[in-house]
Amino acid sequence: MAVETDVLDELRRLRSRVPRLAGSLAATVDGLVLAHDVPDTEPEGLAALTAASLGVAHRMTDAAARGEFRELLVRGSQGYVATYAAGTTVVLTLLADDRVNVGRLHLEGRRSGARIAELVDTHIGPGGGRHAERLARGDHPAPAEDPDRRIGTLPVRTPQRPTHRPRPGG
């Protein structure tokens, strides 16, 4: 049985376990769809946005010195988007209605993420993706701390002199 079929089965079981779950998607950390159960949503676009948000989540956890990425929760006026690490090469994104039990969503999302990681590692083996080295435990040394730079600060860009003259009064 192909890994995509096994992962899709897990996504369908997840939907049956979480009331008010509107959809689910398993994608690589690079934004390629592995399997999806997301009616009324374009899976390729959602996978690409998941990869982009994963990059931001990694930057946030690094800047705030909160360890390795585990999950991301976004709440909109009509519901939630939750993303969970599923091993080193895959992420699980869940779409839920606004009245979902968020604790249940986290519990089942984490369990399914772990199950999907097992399925992918069994069928494909651990691999590398854009963020794989950041998700893998102990594969990279901690960055050297710069005592002069505060946590969360980014390099400052020096403004350039404008190439045109501003108009008076405007």
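For Val38, the residues 5 or more places off, or on other chains, whose built amide H falls under 5 Å of its own are Ser24.
Remind me, relative contact order of the range 3-104 in percent, using alpha carbon pairs under 8 angstrom and six or more residues apart? Dividing the mean separation by the residue count of the range 3-104 yields 27 percent.
Counting Lys +1, Arg +1, Asp -1, Glu -1, what net charge surrounds Leu21 among other residues with beta carbon under 12 Å of its beta carbon?
+4
Each of Gly67, Leu54, Leu25 was placed along the dipole of the range 1-93 (beta-carbon charges, centred on the mean Cα), and the one lying farthest toward the positive end is Gly67.
Net charge of the neighbourhood of Ala114, taken over other residues with C-beta under 13 Å away and scored Lys/Arg +1, Asp/Glu -1, is -1. The magnitude of the dipole of the range 1-122, with charges of +1 and -1 set on the Cβ of Lys/Arg and Asp/Glu and taken from the Cα centre, is near 600 debye. Ranking Asp9, Asp37 from most to least accessible surface, computed with a 1.4 Å probe over the protein chains only, gives Asp9, Asp37.
The values are calculated or read from the model by the stated rules, or taken from the named source; none is laboratory data. What you see is a predicted model, and the numbers here were worked out from it, not measured in a lab. Neighbour counts run over all protein chains shown; Cβ positions are idealised from the backbone, glycine included. What goes into the accessible areas is simple: the full protein's heavy atoms, side chains included, and nothing from ligands, DNA or RNA. Shrake-Rupley method; radii C 1.70, N 1.55, O 1.52, S 1.80 Å.
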